[in-house]
């Protein structure tokens with residue numbers, strides 16, 4: 001075990017074998033929306049359900065993909081599991097730790113890569129990674145050794161290590177985002193559209209990296225994506241989240257067989273009753289909470 | 001015992017992370033820091049010149065004493081501005097950068113996070129305010145024959161505990177209102193100083209404002225610093241200022257943490273941690 005892995009393990013809560021990596025039961029989340037209604041156009045509060053009783057489990061080392069439009073609740077699910085939102089009902093456990101009652105234990109086990117590679121734009125990749133690593137108990141001597149190694153592994157050019165993030169391409173920024181997630185050795189990795197907006201080469205590199213995370217680090221991965229081919233090639237099971245409900249979750253082959261179709265795209269149409277393109281148009285029009 | 005030591009090490013490394021990040025940002029925004037220092041300089045000069053202006057227009061004042069009083073008031077205004085601004089940036093800057101979700105999902109204890117921001121604010125504020133004091137003093141023929149600068153810095157340090165507590169309460173505002181929360185923090189800073197005798201004795205205030213002054217840490221900080229610089233008072237002679245500061249600090253820190261905790265719960269319930277804009 002590396003020095004960094006040892007350091008992380010010293011303070012990390014347990015992730016015992018035999019316990020599901022993720023156990024979500026009847027998870028519900030609502031948001032309050034203010035909108036003008038009626039003839040008088042007076043603003044009124046309305047509760048909108050983002051997740052309507054979602055239930056599923058994930059085994060350790062498994063990769064599960066969740067498909068659905070942004071408004072379907074994918075990002076809300078990821079934010080709930082990341083302890084960034086509080087739920088309105090049901091429960092969620094990560095390696096046996098209650099996400100809402102014991103969030104600090106969960107935070108030490110989880111990391112996330114989202115569609116936006118969010119960083120301090122003036123700071124360099126090394127400075128941004130050092131900042132993130134300190135919160136996971138990594139000292140200066142540990143990060144001095146580990147950060148260049150990890151950046152090299154994700155294919156980040158060493159001569160750009162000291163450049164501000166604002167001077168890097170979107171693909172490079174996403175590589176640093178993956179390095180940030182890897183640096184903390186998460187046992188559960190939440191990926192929220194990690195390849196959206198990347199060029200084909202960067203996309204393949206990110207997908208290879210996700211595979212490596214599973215094989216080399218035994219990470220459990222929840223992948224929310226719009227890319228049906230990506231979902232099929234990376235994950236054991238594919239779920240479809242539609243209007244806050246998880247309408248199915250099974251291997252891609254079984255999903256296609258269930259609807260008697262040849263492709264995952266057709267299965268998606270059949271499951272949701274709508275074309276995937278329509279979903280994306282809706283999402284552009286709504287731009288709502290994911 | 002080993003578990004406690006590991007936990008302490010973990011929290012200290014996290015604290016180091018908060019301090020380092022702020023240092024990186026000061027370094028990366030070096031020219032902007034210089035520009036803001038020039039702005040503070042200009043702002044402070046407009047206040048401190050008032051003493052000479054009063055004499056020039058026929059007023060009978062001890063110019064040296066009034067200049068020093070105004071200088072102390074203006075420097076404390078600037079110091080408090082830095083402390084509040086850095087604490088408000090705990091949320092506001094990270095929301096703007098889009099990093100807030102990553103910081104809030106990290107296993108970082110919120111008291112350590114806020115204390116780190118406060119500690120950096122004090123260190124940075126002391127350095128900048130001392131520089132401001134020194135540079136402004138060069139513009140005037142001010143004499144400090146009996147000044148006890150060490151005691152003045154000590155009073156400011158004790159007062160800073162309360163400033164951090166109050167700053168934590170204002171830091172929560174951008175969580176509740178992403179658009180206007182930061183500006184509300186500046187209102188808090190102004191309200192605190194107006195009742196604390198920043199450029200005048202609190203006795204000139206209306207009765208109800210005088211009462212508020214008794215619970216404001218800035219009142220005791222300004223009194224103590226003026227006594228140390230103008231009268232040469234040592235720490236022993238300033239106990240009347242120090243004990244209220246300790247009491248207000250002991251109340252404001254837990255209160256600040258609780259207010260922030262509730263603000264964080266509100267933000268997580270309503271989905272306000274997500275970057276907007």
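The values are calculated or read from the model by the stated rules, or taken from the named source; none is laboratory data. From a predicted model like this one, the values you see are computed outputs, not experimental measurements. Reconstructed Cβ throughout: ideal geometry from the backbone, glycine too, with neighbour counts over all protein chains shown.
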**Complete:** Of the residues in region A:111-138, those that are outside any loop (DSSP other than H, G, I, E, B), within 22 Å of residue B:116 (Cβ to Cβ) and facing chain B (nearest Cβ under 7 Å) come to A:127, A:130, A:131, A:132, A:134
**Request:** Working only within region A:69-101, note down all residues that are more than 21 Å from residue B:272 (Cα to Cα) and without any contact (Cβ under 8 Å) to a residue 12 or more places away in the chain.
**Result:** A:98
**Request:** Kindly list the number of the only condition in (1) touching a helix residue (DSSP H, G or I) at 6+ places or on another chain (Cβ under 6 Å); (2) crowded, with 21+ Cβ neighbours inside 10 Å that fails for residue A:171.
**Result:** (2)
**Prompt:** Among the residues of region A:180-200, is any within 21 Å of the chain's Cα centre (by Cα), assigned to a helix (DSSP H, G or I), more than 13 Å from chain B (Cβ to nearest Cβ) and farther than 30 Å from residue A:48 by Cβ?
**Reply:** yes
**Request:** May I ask you to verify whether residue B:16 is out of contact with any strand residue (DSSP E or B) (no Cβ under 7 Å at 6 or more places or on another chain), modelled with pLDDT of 95 or more and surrounded by 15 or more Cβ atoms within 10 Å (Cβ to Cβ)?
**Result:** yes
**Request:** Kindly provide the set of residues from region A:52-94 that are modelled with pLDDT under 95, within 14 Å of chain B (Cβ to nearest Cβ) and assigned to a loop (DSSP other than H, G, I, E, B), ordered by number.
**Result:** A:73
**Item:** Every residue from region B:170-180 that is outside any loop (DSSP other than H, G, I, E, B) and surrounded by fewer than 21 Cβ atoms within 10 Å (Cβ to Cβ)
**Value:** B:176
**Fill in**
All conditions in (1) in contact (Cβ under 8 Å) with a residue 24 or more places away in the chain; (2) in contact with a helix residue (DSSP H, G or I) (Cβ under 7 Å, 6 or more places away or on another chain) are true of residue A:152 except (1)
**Request:** Might you let me know whether region B:59-66 holds any residue that is within 17 Å of residue B:199 (Cβ to Cβ) and either within 14 Å of chain A (Cβ to nearest Cβ) or touching a residue at least 40 places away in the same chain (Cβ under 8 Å) (or both)?
**Result:** yes
**Fill in**
Subset of region A:42-73, residues surrounded by 24 or more Cβ atoms within 10 Å (Cβ to Cβ) and in contact with a strand residue (DSSP E or B) (Cβ under 6 Å, 6 or more places away or on another chain), comes to A:50, A:51, A:54, A:65, A:66, A:67, A:68, A:72, A:73
**Asked** Which fully enclosed helices (runs of 4 or more DSSP H) of region A:225-290 have 1 or more residues being more than 14 Å from chain B (Cβ to nearest Cβ) and at pLDDT 90 or above?
**Response** A:228-234, A:252-259, A:264-272
**Message:** Anything in region B:15-26 that is more than 9 Å from chain A (Cβ to nearest Cβ) and more than 15 Å from residue B:90 (Cβ to Cβ)? List them, or say none.
**Reply:** B:23, B:26
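For (1) in a helix (DSSP H, G or I); (2) farther than 28 Å from residue B:274 by Cβ; (3) away from chain A (no Cβ under 14 Å), each residue gets a yes or a no:
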| site | (1), (2), (3) |
| --- | --- |
| B:102 | yes, no, no |
| B:113 | yes, no, no |
| B:137 | yes, yes, yes |
| B:146 | no, yes, yes |
| B:157 | yes, yes, yes |
**Prompt:** Of everything in region A:11-32 that's surrounded by 14 or more Cβ atoms within 10 Å (Cβ to Cβ) and within 12 Å of chain B (Cβ to nearest Cβ), which residue is modelled with the lowest pLDDT?
**Reply:** A:11
**Complete:** When region A:206-224 is checked residue by residue, the ones that are under 22 Å from residue A:20 (Cα atoms), assigned to a helix (DSSP H, G or I) and touching a helix residue (DSSP H, G or I) at 6+ places or on another chain (Cβ under 8 Å) are A:210, A:211, A:213, A:217
